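Peer 1: If you scroll down you'll find the structure; I have some questions about it.
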């Protein structure tokens with residue numbers, strides 16, 4: 001979805017060049033946004049390859065061509081992120097697919113299997129109990145509905161800086177620090193956004209930056225403090241090139257919500 005209506009963007013490499021094709025009423029908006037989507041304006045040298053910590057420096061050097069993109073679409077980023085609250089990523093992906101199959105319309109262009117996210121006015125009309133057969137309980141259904149009801153505000157919010165956009169998002173029901181930290185990076189390209197409250201992330205950072213098998217959110221933020229302004233970038237580097245935190249105990253059984 002775009003401010004001008006539904007649209008589809010296709011971005012591909014061809015002979016060393018970036019080729020952008022856009023379709024639908026929102027195509028012109030997507031064309032203007034495409035440079036930010038691929039991180040074309042994220043070209044500054046942030047100095048992380050020269051960081052004192054060897055893990056950060058090594059990961060930053062390995063990912064020196066990685067760019068922070070920005071979709072500019074908070075609505076589209078918020079919906080699947082809310083679904084990821086408190087469940088596994090695989091189950092969240094299945095629920096997102098089912099939600100789009102139920103309420104999404106075919107996307108403009110030649111991509112016959114591509115669906116749009118649910119249109120805000122349609123999603124906002126659904127009662128919370130409607131989501132249960134999809135595996136989405138009331139605690140996540142209500143934030144989805146609330147996001148849909150406020151969707152028109154997000155275009156203005158996405159033009160704000162990370163801190164101000166985060167303050168606005170905290171006004172929404174069921175949108176907390178983890179959700180905000182997860183969407184500000186891909187939606188507005190905020191390189192400092194960190195998903196506080198993540199089940200795994202605090203352990204990954206504590207293990208790689210301090211050699212500690214387990215960490216807390218407070219410890220994670222303490223270790224990331226030297227990289228203020230680029231903490232989200234450091235998290236991405238370490239997650240991609242650092243080592244996994246040690247695992248203890250048996251695996252948890254996964255039970256889908258609709259089977260309860």
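Peer 1: Sort 10, 182, 243 so the one with the fewest other Cβ atoms within 10 Å of its own Cβ comes first.
Peer 2: Numbers: 10 15, 182 25, 243 10.
Fewest to most other Cβ atoms nearby, the residues stand as 243, 10, 182.
Peer 1: May I ask you to derive the relative contact order of the chain, considering only C-alpha pairs under 8 Å and at least 6 residues apart, and to give it as an integer percent? Could the numbers behind the result be given before it?
Peer 2: Values: 397 pairs, mean separation 46.1, N = 260.
RCO, the chain: 18 percent.
Peer 1: Tell me whether the chain comes out rounded, prolate or oblate; compute the Cα gyration tensor, take square roots of the eigenvalues as a ≥ b ≥ c, and use a/c under 1.5 as the rounded threshold.
Peer 2: Working: a/c = 1.80, a/b = 1.20, b/c = 1.50.
Judged from the Cα gyration tensor, the chain comes out oblate (a/c at least 1.5, b/c at or above a/b).
Peer 1: Going by how many other Cβ atoms sit within 10 Å of their own, how do 87, 205, 11, 188 line up, fewest first? Show your work: numbers first, answer last.
Peer 2: Working: 87 18, 205 29, 11 14, 188 24.
Exposure proxy ranking, most exposed first: 11, 87, 188, 205.
Peer 1: Could you state the per residue volume, in Å³, of the convex hull enclosing the Cα atoms of the stretch 74-188? Don't skip to the end; give the middle numbers.
Peer 2: On the way: hull volume 12.1 nm³, N = 115.
Cα-based convex hull of the stretch 74-188, divided per residue, equals 105 Å³.
Peer 1: Could you please rank 202, 153, 247, placing first whichever residue has the fewest other Cβ atoms within 10 Å of its Cβ? Intermediate results must be reported in sequence, preceding the final value.
Peer 2: Values: 202 24, 153 14, 247 9.
Exposure proxy ranking, most exposed first: 247, 153, 202.
Peer 1: Got the relative contact order for the stretch 40-175 handy, in percent, Cα pairs under 8 Å and 6 or more residues apart?
Peer 2: Values: 125 pairs, mean separation 28.1, N = 136.
Result for the stretch 40-175 is 21 percent.
Peer 1: If I model a spin label as a point 7 Å beyond the Cα along the Cα-Cβ vector, how far apart are those points for residue 61 and residue 130 in nm?
Peer 2: Inter-label distance under the simple model: 5.5 nm.
Peer 1: Let me ask another. Taking 0.36 nm per intervening residue step and subtracting the Cα-Cα distance, what contour gain separates residue 225 from residue 139 on full extension? Provide the component values of the computation, followed by the final result.
Peer 2: Details: separation 86, 0.36 × 86 = 30.96 nm, distance 3.25 nm.
Working it through step by step, the gained length comes to 27.7 nm.
Each value in this text was obtained by applying a stated rule to the coordinates, not by laboratory testing. All values reported here derive from a predicted model rather than from experimental measurement. All Cβ positions, glycine included, derive from the backbone under ideal geometry; neighbour counts span all protein chains shown.
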